[in-house]
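Take a look at the structure below.
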Amino acid sequence: MINIVLILFTSISFSAFYDVGDMILYEHQTLPLNVCYGDYPSESFSLLDLKGKVIIFGMTASWWPTTCTTSLEALLNVFGEDDRVVIFENLDDPGQPYSCQQWGALGEENIPLIVDDGEGHLLYNLFAIDENFASRALIDHNMIFRYYSSSSSNVALINVINQILVEMESIPGDINSDYTVDILDVV
């Protein structure tokens, strides 16, 4: 009996906050994320700033071997010109051992590197279902957590993104074509 309680406690205490299909809470949508390396129009943003877009986060840590990180470059090659899709790499534990600049120089070009402005490991704690630092999470245009994977294959992720983009083209009530139905469509 004690073993069952210990297993249950361990699985609950180390699981991600969100499961695929969950809507992102407003309090998490407004948390600041800082761009510490790469080309992006602002130095900080929140998920709420990106509502109406498909958001892809690669997650890693500065102490994680660079050979184990998942490649986002293939996704950039497919969706880099589509303004409905944004791609970031989230870096946890900058300075242990690599700084943000050092890690960015080792990584993929043209993909902004972000760090959260809170306690650390924010995106990882919210989305890393299998507790793997080399993983990717996808949030859709309506702030729903739609996909997670620690696989290095991009095929399934590309299929999910394409499915979401088709859904975005046919949103009933989206009068102003911002890929969401909100108060601006009513006014």
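The values are calculated or read from the model by the stated rules, or taken from the named source; none is laboratory data. All figures in this text were calculated on a predicted structure; none of them were measured in a lab. Note that we place each Cβ from the backbone using ideal geometry, even for glycine, and neighbour counts take in every protein chain shown. We work out accessible area using only protein heavy atoms, side chains counted, and drop any ligands, DNA or RNA first. Shrake-Rupley method; radii C 1.70, N 1.55, O 1.52, S 1.80 Å.
Using a simple spin-label model with pseudo-atoms 7 Å out from Cα toward Cβ, D49 and E167 lie 2.5 nm apart.
Based on protein heavy atoms only, region 93-174 ends up with 46 Å² per residue of surface accessible to a 1.4 Å probe.
Based on every Cα atom in region 22-71, Rg and the maximum pairwise Cα distance Dmax equal 13.1, 35 Å. Peptide packing for 127-133, 167-173, 54-60 was compared via the average number of neighbouring C-beta atoms within 10 Å per residue; ordered from the highest value, the list is 54-60, 127-133, 167-173. Rg ratio for the chain: its Cα radius of gyration over 2.2 N^0.38 Å, N being its residue count, equals 1.07. When the trypsin sites (Lys or Arg not before Pro) in region 45-97 are filtered for DSSP coil states and for at most 13 other beta-carbon atoms within 10 Å of their beta-carbon, no site remains. For the chain, the relative contact order works out to 28 percent when only alpha carbon pairs closer than 8 Å and six or more residues apart are counted.
Can you pull the percent of the chain's accessible area that's carbon plus sulfur, 1.4 Å probe, other chains left in place?
Ligands and nucleic acids excluded, carbon and sulfur reach 56 percent.
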